[in-house]
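K.L.:
Dumping the structure here so I can ask a few things about it.
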Amino acid sequence: MAEAHENVQPHYIYSDPLPDDVAHGEGLIGTETLNRLLPQDHDVDLYFLGPKPFMRSVWQITRDLSIPAGQVRYEFFGPMEELEAV
C-alpha cells in the first residue's frame, strides 16, 4: 500500500523482532514516537490492531494526544472488548 500511495508511511516497531525483521524500534509505541510521526494538527484517521495490552496502550496515547475519538479505529485479535475503562 505504501508503494502505491505516497501519503502512507509505515513505521515498524516489534516487541520481539526476528533476526530478519527490519524495525524502526523495539517494544511498544509510545506517546513521543506517535506524536513525532503524526502531522502537527493530529488530523488523522488512526487505525490500529493487535493484542489487548498493545491496544490499551495505543488507545491511551490517542487520548493523551487529543486525537478525536471519531478518527480512531481499531480491531482486536480475538473477541471485541472495551478499551476505555467505564
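K.L.:
Would you check which residues across segment 34-49 are at negative phi and either of a type in the set (A, V, I, L, M, F, W, C) or in contact with a Pro (Cβ under 9 Å, 6 or more places away or on another chain) (or both) and list them?
P.N.:
Hits for segment 34-49 are L34, L37, L38, D43, V44, L46, F48, L49.
K.L.:
How do the pairs read when you match residues in segment 56-72 that are loosely packed, with under 14 Cβ neighbours inside 10 Å with residues anywhere that are in a loop (DSSP other than H, G, I, E, B) and modelled with pLDDT under 95, using Cβ under 6 Å and keeping only pairs 6 or more apart or on different chains?
P.N.:
So the pair list comes out as Q71/D45.
K.L.:
Report yes if some residue within segment 27-39 is among the hydroxyl-bearing types (S, T, Y) and part of a loop (DSSP other than H, G, I, E, B); otherwise report no.
P.N.:
Scanning segment 27-39, I find no residue that is among the hydroxyl-bearing types (S, T, Y) and part of a loop (DSSP other than H, G, I, E, B), so the answer is no.
K.L.:
OK, next. Of these, D43, D21, which one is of a type in the set (D, E) and in contact (Cβ under 8 Å) with a residue 24 or more places away in the chain?
P.N.:
Matching residue, one of D43, D21: D43.
K.L.:
May I ask you to list the residues in segment 33-86 that are among the charged types (D, E, K, R), modelled with pLDDT of 90 or more and over 20 Å from Y14 (Cβ atoms)?
P.N.:
D41, D43, D45, R63, D64, R73, listed by residue number.
K.L.:
Now a separate question. Residue check: is D41 of a type in the set (D, E) and over 16 Å from the mean Cα position of the chain (by Cα)?
P.N.:
Taking the combined requirement at face value, the residue satisfies it.
The values are calculated or read from the model by the stated rules, or taken from the named source; none is laboratory data. Remember, it's a predicted structure, so these values are computed and weren't measured experimentally. When we count neighbours, we look across all protein chains shown, and the Cβ atoms used for this are built from the backbone with ideal geometry, even at glycine.
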